[in-house]
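Written below as structure tokens is the structure these notes are about.
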Amino acid sequence: LPILTATFLEPSAVDGNFLQAILERKLAAVVEQYDKRNWKTKSLIALSSIYGIEFLEDNLEVARSRLFLYYLDWYEQTFGYKLTSKNDIYQSAHYLIHKNIVRGNTLTQKHPHTGEAIRFNEWQIVRGHPSMVKKITFSL
């Protein structure tokens, strides 16, 4: 079983197929390794450890949507109800996916139009507060 905090970077995310497979394995590990009362937090931790870079804007949107819809479906099947955009878990998952799956050219390590460095955020669990994280921004 995968370790939830092990990070994965897909340097060419395309439509997110590989990223979804990683998410599937990580969410299965959440259910198998943790008590149900921890599944919501642990599922977000699993999601926060998946990164991707995609050069084409349309592929980027497909990859983000694929991960987000998979997460929402998993949540509904696991907890028996749909998340709405007003829910904190929904908003957190959406935010993480948009911050972790980004547009860029892996070879140049820059955004294809702006020329800015590709930036990611590392989400570190705050010691003593297992449901809190701190954001550390870094360049590729």
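The values are calculated or read from the model by the stated rules, or taken from the named source; none is laboratory data. Remember, it's a predicted structure, so these values are computed and weren't measured experimentally. A quick note on method: Cβ atoms are made from the backbone with ideal geometry, for glycine too, and the neighbour counts reach across all protein chains shown. For accessibility, only protein heavy atoms count, side chains too; no ligands or nucleic acids. Shrake-Rupley method; radii C 1.70, N 1.55, O 1.52, S 1.80 Å.
Assorted remarks:
- Our coupling estimate for region 86-103, obtained by passing each phi through the Karplus curve with A = 6.51, B = -1.76, C = 1.60 and θ = phi - 60°, is 8, 7, 4, 5, 4, 5, 5, 4, 4, 4, 4, 4, 6, 7, 9, 10, 10, 8 Hz, Gly and Pro reported as x.
- When the chymotrypsin sites (Phe, Trp or Tyr not before Pro) in region 55-113 are filtered for DSSP coil states and for at most 12 other beta-carbon atoms within 10 Å of their beta-carbon, the remaining sites are TYR81.
- Distances between placed amide hydrogens fall under 5 Å for GLY104 paired with GLU54, PHE55, all partners being 5 or more residues away or on another chain.
- For region 38-55, 3J(HN,Hα) per residue [Karplus equation, 6.51 cos²θ - 1.76 cosθ + 1.60, θ = phi - 60°, Hz, x = Gly/Pro]: 9, 4, 4, 5, 5, 5, 5, 5, 4, 5, 5, 9, 10, 10, x, 10, 9, 6
- Computed over the chain with a Gaussian network model linking Cα atoms closer than 10 Å, the most mobile of PRO130, PRO112, PRO11 is PRO130.
- Oblate is the label for region 1-83. Its Cα gyration tensor axes, ordered a ≥ b ≥ c, give a/c of at least 1.5 and b/c at or above a/b.
- Residues whose placed amide H lies under 5 Å from that of GLU122, excluding near-sequence neighbours: ILE136, THR137, PHE138
- Based on the reciprocal of the average 1/r between different C-alpha atoms, the Kirkwood radius for the chain equals 15.4 Å.
- Using a Gaussian network model of the chain in which every pair of alpha carbons under 10 angstrom is joined by a spring, one finds that among ARG127, ARG66, ARG119 the greatest mean-square fluctuation is at ARG127.
- Angle of helix 57-79 to the longest C-alpha principal axis of the chain, folded into 0 to 90 degrees and rounded to 10: 0°.
- Carbon and sulfur %, accessible surface of region 1-76 computed with the full protein complex present, 1.4 Å: 53
- Tilt relative to the chain, helix 17-33 - C-alpha long axis, 0 to 90 degrees, to 10: 20
- Rounded accessible area per residue of the chain, 1.4 Å, Å²: 58
- Scanning residues 5 or more positions from VAL133 or on other chains, those with amide H under 5 Å from its amide H are VAL126, with H placed 1.01 Å from N in the peptide plane.
- The 3J(HN,Hα) values that the Karplus relation (6.51, -1.76, 1.60; θ = phi - 60°) gives for region 131-140 are, in residue order, 9, 10, 10, 10, 9, 10, 8, 8, 9, 5 Hz. Gly and Pro appear as x.
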